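Worksheet for the structure shown next.
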Amino acid sequence: SAVISQKPSRDICQRGTSLTIQCQVDSQVTMMFWYRQQPGQSLTLIATANQGSEATYESGFVIDKFPISRPNLTFSTLTVSNMSPEDSSIYLCSVRTGGTGEQFFGPGTRLTVL
Amino acid sequence: SQQGEEDPQALSIQEGENATMNCSYKTSINNLQWYRQNSGRGLVHLILIRSNEREKHSGRLRVTLDTSKKSSSLLITASRAADTASYFCATALIQGAQKLVFGQGTRLTINP
């Protein structure tokens with residue numbers, strides 16, 4: 001398995017501002033993902049963070065709103081830009097390990113936008 | 001849209017009883033994974049079952065997969081209060097990056 005940490009663990013932000021969430025993994029992984037979990041809902045994939053190239057976004061998510069960086073195989077950031085109360089969610093980083101296909105999740109970042 | 005549907009949406013049982021949660025999906029998969037989430041925290045990986053497997057065990061957990069019916073079940077035996085959590089199934093699609101698509105989850109409450 002992989003040990004994943006996220007910073008910050010939670011934050012309260014004002015509308016119109018931006019927040020960058022960091023994800024650090026204890027080993028090199030090929031596949032990293034960012035998910036959103038809105039209150040009381042399941043998880044929705046935002047994008048796949050590709051090392052050395054632009055992230056691949058899912059339908060309904062755009063780079064201007066959720067820019068992602070992946071400078072190396074152990075680190076990624078997700079920025080939530082120009083926030084509104086509708087962005088209040090838990091944001092989770094996830095990685096897939098090599099051969100087994102198991103996918104592991106970080107502890108999440110709980111974001112509240114006022 | 002969500003690939004999986006889980007039922008029941010909520011389940012409440014007495015400690016010591018068995019809990020069964022079901023997951024159905026729509027398209028062909030590479031594997032199916034079950035997760036537990038306590039009180040809106042991160043997801044804990046429970047078990048992965050591949051499309052060519054029918055049953056897997058891990059401790060008190062038993063997972064079955066029926067690809068002909070596109071369904072899976074998670075059985076927790078001899079439940080404990082600490083098993084109280086939300087349980088999600090997630091399917092890894094065959095196409096593309098095998099991204100995981102999550103079901104809506106089952107909220108399990110174990111009453112002491």
The listed residue being more than 10 Å from chain B (Cβ to nearest Cβ), more than 12 Å from the chain's Cα centre (by Cα) and without any contact (Cβ under 8 Å) to a residue 40 or more places away in the chain, out of A:Val25, A:Val29, A:Val62: A:Val62
Does segment B:79-87 contain at least one residue that is within 13 Å of another protein chain (Cβ to nearest Cβ) and either surrounded by 15 or more Cβ atoms within 10 Å (Cβ to Cβ) or under 15 Å from the mean Cα position of the chain (by Cα) (or both)? yes
Can you work out which of the residues in segment A:32-51 that are closer than 20 Å to A:Ser9 by Cα and outside any strand (DSSP E or B) is nearest to the other protein chains (Cβ to nearest Cβ)? A:Ser42
Among (1) under 26 Å from A:Pro39 (Cβ atoms); (2) within 12 Å of chain A (Cβ to nearest Cβ), B:Ser51 falls short only on (1)
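Scan segment A:15-26 and tell me whether some residue there is among the hydroxyl-bearing types (Ser, Thr, Tyr), at pLDDT below 95 and surrounded by 13 or more Cβ atoms within 10 Å (Cβ to Cβ).
Of the residues in segment A:15-26, the ones among the hydroxyl-bearing types (Ser, Thr, Tyr) are A:17-18, A:20.
Then drop every residue that is not at pLDDT below 95, which leaves none.
Within segment A:15-26, none of the residues are among the hydroxyl-bearing types (Ser, Thr, Tyr), at pLDDT below 95 and surrounded by 13 or more Cβ atoms within 10 Å (Cβ to Cβ).
Do the conditions hold for A:Leu78, that is, is it within 20 Å of B:Leu32 (Cα to Cα) and either of a type outside the set (S, T, N, Q) or facing another protein chain (nearest Cβ under 10 Å) (or both)?
On the way: within 20 Å of B:Leu32 (Cα to Cα): no; either of a type outside the set (S, T, N, Q) or facing another protein chain (nearest Cβ under 10 Å) (or both): yes.
Against the criterion (within 20 Å of B:Leu32 (Cα to Cα) and either of a type outside the set (S, T, N, Q) or facing another protein chain (nearest Cβ under 10 Å) (or both)), A:Leu78 does not qualify.
The values are calculated or read from the model by the stated rules, or taken from the named source; none is laboratory data. What you see is a predicted model, and the numbers here were worked out from it, not measured in a lab. Positions of Cβ are backbone-derived with ideal geometry, glycine not excepted, and every protein chain shown enters the neighbour counts.
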